Amino acid sequence: MELFSEPLLEWPNMPRAAQYLPEAQALATETGVDLVVRQCSGCGLVQLWGEPVPYYRDVIRAAGISSEMRAFRAQQFADFLEQYSLRGQRFLEVGCGRGEYLTIMQEVGAEAYGLEHLPESVVACRQQGLAVQEGFMEGADTRLPEAPFEAF
């Protein structure tokens, strides 16, 4: 990947984490990080540049889904399935959390599967009857027993 020579944005001394915040006794030694946003000059991909947070496999949604967001996502997912002729096809959500979007995807006509790293989230999904595998996409050799999928 070849990047543009200058970062798009730089934010110095930003909070180190957005979840799993430090306990009160750790605040005295807590330091910020410099966030740098870079862009690939070939494909245009924009991303944070640097080491991932220690909990990168377990990023969680900040809140549940409101009824308005649920309706919006249901329409968005239904349109996606229709546009690409995916109704009834196998769909994978990587990092499916507690299954909020998997449930919606099933409701609008996909055969939905999930991959989730947090064991307690996997349990929550399975209690809802969702097909979820515990794991993380570590590399190109990662395999899922339900594969192949038509969309993810």
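The values are calculated or read from the model by the stated rules, or taken from the named source; none is laboratory data. All values derive from a computational prediction rather than experimental measurement. Glycine gets a Cβ as well: all are built from the backbone with ideal geometry, and neighbour counts include every protein chain shown.
Points worth noting:
- Single condition P54 does not satisfy, out of (1) of a type outside the set (D, E, K, R); (2) farther than 30 Å from P12 by Cα; (3) outside any helix (DSSP H, G or I); (4) modelled with pLDDT under 95: (2)
- Qualifying residue in segment 64-79 (condition: at pLDDT below 85 and surrounded by 12 or more Cβ atoms within 10 Å (Cβ to Cβ)): yes
- The C-beta contact set for segment 96-107 (first residue closer than 18 Å to D79 by Cβ, second residue modelled with pLDDT under 95 and surrounded by fewer than 21 Cβ atoms within 10 Å (Cβ to Cβ), distance under 8 angstrom, 6+ apart or interchain) comprises Y101/R73; I104/R70; I104/R73.
- L86 more than 25 Å from S66 (Cβ to Cβ), modelled with pLDDT of 95 or more and surrounded by 18 or more Cβ atoms within 10 Å (Cβ to Cβ): yes
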